[in-house]
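Structure record follows, encoded as structure tokens.
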Amino acid sequence: MAEDRARFEYLLRLGDNSLILGHRLSEMLGNAPALEEEMALVNVALDLIGQARLFLGYAGELEGAGRDEDALAYRRDVLDYRCALIVELPNGDFAHAIGRLFLISAFDFELYGALRESADRRLAAIAEKSLKEVTYHLRHAGEWVIRLGDGTEESHRRMQKALEDLWMYTGELFTPDALDEAMREAGIAPDLARLREGWDRRVDAVLREATLTRPAEGWMQSGGKDGRMHTEHLGYILAEMQFLQRAYPDARAW
Amino acid sequence: MSPGTGPETADPRYHRIWQALAEVEDPEIPYVTIVDLGIVREVVADETGDPVVRITPTYSGCPATRLIELQIRAALDRAGFPHARIETVLSPAWTTDWISEEGRRKLREAGIAPPVPGSGRAALFGAGPAVPCPRCESTDTERIAEFGSTACKALYRCRHCREPFEYFKCL
């Protein structure tokens with residue numbers, strides 16, 4: 001059915017965002033500034049990959065082509081991915097990795113809060129579960145943004161630069177396309193403009209406390225969630241993430 | 001399907017199932033069982049009379065979920081229910097409020113501070129709750145790290161007895 005197909009596409013966006021950001025955070029293993037922080041970021045990664053399994057597992061059922069969550073994660077190539085560009089970017093320095101997690105967690109917090117009311121009850125249940133986890137992610141990343149912004153001259157400079165670099169990737173999250181509109185009309189997904197208001201309030205409050213300046217609105221990058229034009233980074237992520245499953249298809253044990 | 005039963009059921013058949021489930025330890029926190037944690041939501045019977053155990057994951061990415069399912073299957077097999085089925089339910093989402101009194105006592109005995117009651121949603125932003133030290137009961141404690149050895153725990157330190165301890169976070 002056409003409606004199932006649209007919902008499948010929409011679930012890919014949710015699942016791919018969680019999967020790719022989770023993978024990026026897992027790269028912090030062995031690279032975080034302190035052991036406690038490493039534990040924190042890989043725990044967040046674990047939550048995100050768990051959420052990705054729920055979204056992609058459901059997507060596979062709707063598609064009805066026999067693809068499960070693993071097939072969707074490991075056997076799709078770049079052009080079939082539907083994640084936003086912001087989750088593909090390399091971690092960069094710690095301020096950049098934390099800044100990205102903060103901006104996305106604030107988005108997910110608003111999104112999952114709204115999706116609890118979705119007409120799709122299974123999606124609503126996944127959102128209800130995920131919201132609890134994302135609340136902790138948002139708090140953790142937000143505390144870091146404040147500490148770095150309101151920290152030393154160097155940490156402030158780096159945190160501000162991270163925001164400036166990330167900002168042009170935030171527009172895509174809130175710019176609805178035909179699929180977002182169709183999902184909204186069907187009562188499945190929320191109005192992205194409404195989410196933006198909550199996101200603005202939450203982000204602004206943290207930036208103010210962090211003595212950081214909100215970057216000016218300018219040109220916004222797009223092309224990730226509709227698969228039109230991913231960044232060059234996604235191919236490298238998939239090459240690493242999918243290696244085992246490509247080299248040893250259907251491997252069951254090692 | 002039959003109406004769901006809980007751990008206090010008087011029905012002897014279900015009682016045996018719940019007893020078997022109460023033997024299944026949490027793989028990551030083996031001091032408590034999956035019934036203590038409220039992971040088992042209910043047990044019902046399907047059309048053919050076989051038991052269906054409804055469980056809910058604590059965290060979406062909890063790596064113990066699969067192992068818990070295997071352990072449930074093994075425990076019910078030993079108890080004489082080889083055809084039991086397991087269903088995962090996501091809503092209502094698991095909350096630490098479902099940890100039983102017994103579970104909270106066992107956590108404390110294992111040196112893990114149980115979730116502070118009533119500190120769920122409101123405390124997610126702003127100052128956290130005062131967490132009593134599981135060893136000396138002092139509330140003069142501080143959070144060292146938001147995330148501990150597992151997704152469900154945070155790392156704390158007692159300023160009174162100077163011991164570090166884990167806190168089972170509210171969810």
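Per-structure values
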item: Selection from segment B:117-145 of residues that are within 22 Å of the chain's Cα centre (by Cα) and modelled with pLDDT under 85; result: B:P117, B:G118, B:S119, B:G120, B:R121, B:A122, B:A123, B:L124, B:G128, B:P129
item: Residues that are among the aromatic types (F, W, Y) and either in a loop (DSSP other than H, G, I, E, B) or surrounded by fewer than 19 Cβ atoms within 10 Å (Cβ to Cβ) (or both), drawn from segment B:4-17; result: none
item: Single residue of B:V53, B:V35 found to be in contact with a strand residue (DSSP E or B) (Cβ under 6 Å, 6 or more places away or on another chain) and either aromatic (F, W, Y) or buried (at least 17 other Cβ atoms within 10 Å of the Cβ) (or both); result: B:V53
item: Strands (runs of 3 or more DSSP E) (entirely within segment B:55-165) containing at least 2 residues that are farther than 23 Å from B:I17 by Cα, in contact with a Lys or Arg (Cβ under 9 Å, 6 or more places away or on another chain) and in contact (Cβ under 8 Å) with a residue 12 or more places away in the chain; result: B:141-145, B:153-158
item: A:L56 being away from chain B (no Cβ under 11 Å), free of Cβ contacts under 8 Å to residues at least 60 places away in the same chain and part of a helix (DSSP H, G or I); result: yes
item: Single residue of segment A:18-36 satisfying the filter (touching a helix residue (DSSP H, G or I) at 6+ places or on another chain (Cβ under 8 Å), part of a helix (DSSP H, G or I) and under 26 Å from B:R143 (Cα atoms)) that is nearest to the other protein chains (Cβ to nearest Cβ); result: A:G22
item: Candidate set: segment A:73-91, residues that are farther than 24 Å from A:P176 by Cβ and surrounded by fewer than 16 Cβ atoms within 10 Å (Cβ to Cβ); chosen: the one farthest from the other protein chains (Cβ to nearest Cβ); result: A:D77
item: Unique residue being more than 12 Å from the chain's Cα centre (by Cα), away from every other protein chain (no Cβ under 14 Å) and farther than 28 Å from A:K161 by Cβ when the list is A:D70, A:D4; result: A:D4
item: Of the criteria (1) within 13 Å of chain B (Cβ to nearest Cβ); (2) charged (D, E, K, R); (3) in contact (Cβ under 8 Å) with a residue 24 or more places away in the chain, which one A:R116 fails; result: (3)
item: Out of A:R158, A:R139, sole residue that is assigned to a helix (DSSP H, G or I), facing chain B (nearest Cβ under 10 Å) and surrounded by fewer than 23 Cβ atoms within 10 Å (Cβ to Cβ); result: A:R139
item: Search result, residues across segment B:34-54 that are in contact (Cβ under 8 Å) with a residue 40 or more places away in the chain and either among the aliphatic types (A, V, I, L, M) or outside any loop (DSSP other than H, G, I, E, B) (or both); result: B:V35, B:L37, B:I39, B:R41, B:V44, B:A45, B:V52, B:R54
item: Sole residue being touching a Phe, Trp or Tyr at 6+ places or on another chain (Cβ under 6 Å), surrounded by 19 or more Cβ atoms within 10 Å (Cβ to Cβ), part of a helix (DSSP H, G or I) and at pLDDT 95 or above, chosen from A:S105, A:S130; result: A:S130
item: Residues of segment A:93-102 classified as over 17 Å from A:W199 (Cα atoms) and either within 14 Å of chain B (Cβ to nearest Cβ) or surrounded by 22 or more Cβ atoms within 10 Å (Cβ to Cβ) (or both), total; result: 2
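For every residue, the table says whether it meets (1) among the polar types (S, T, N, Q); (2) over 14 Å from the mean Cα position of the chain (by Cα); (3) closer than 27 Å to A:G57 by Cα.
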residue	(1), (2), (3)
B:D36	no, no, no
B:D50	no, yes, yes
B:I55	no, no, yes
B:T58	yes, no, yes
B:C62	no, no, yes
B:V89	no, yes, yes
B:D97	no, no, no
B:R105	no, no, no
B:E109	no, yes, no
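The values are calculated or read from the model by the stated rules, or taken from the named source; none is laboratory data. Note that this is a predicted model, so its numbers are computed, not measured. Heads up, the Cβs are rebuilt from the backbone with ideal geometry, glycines too, and the neighbour counts pull from every protein chain shown.
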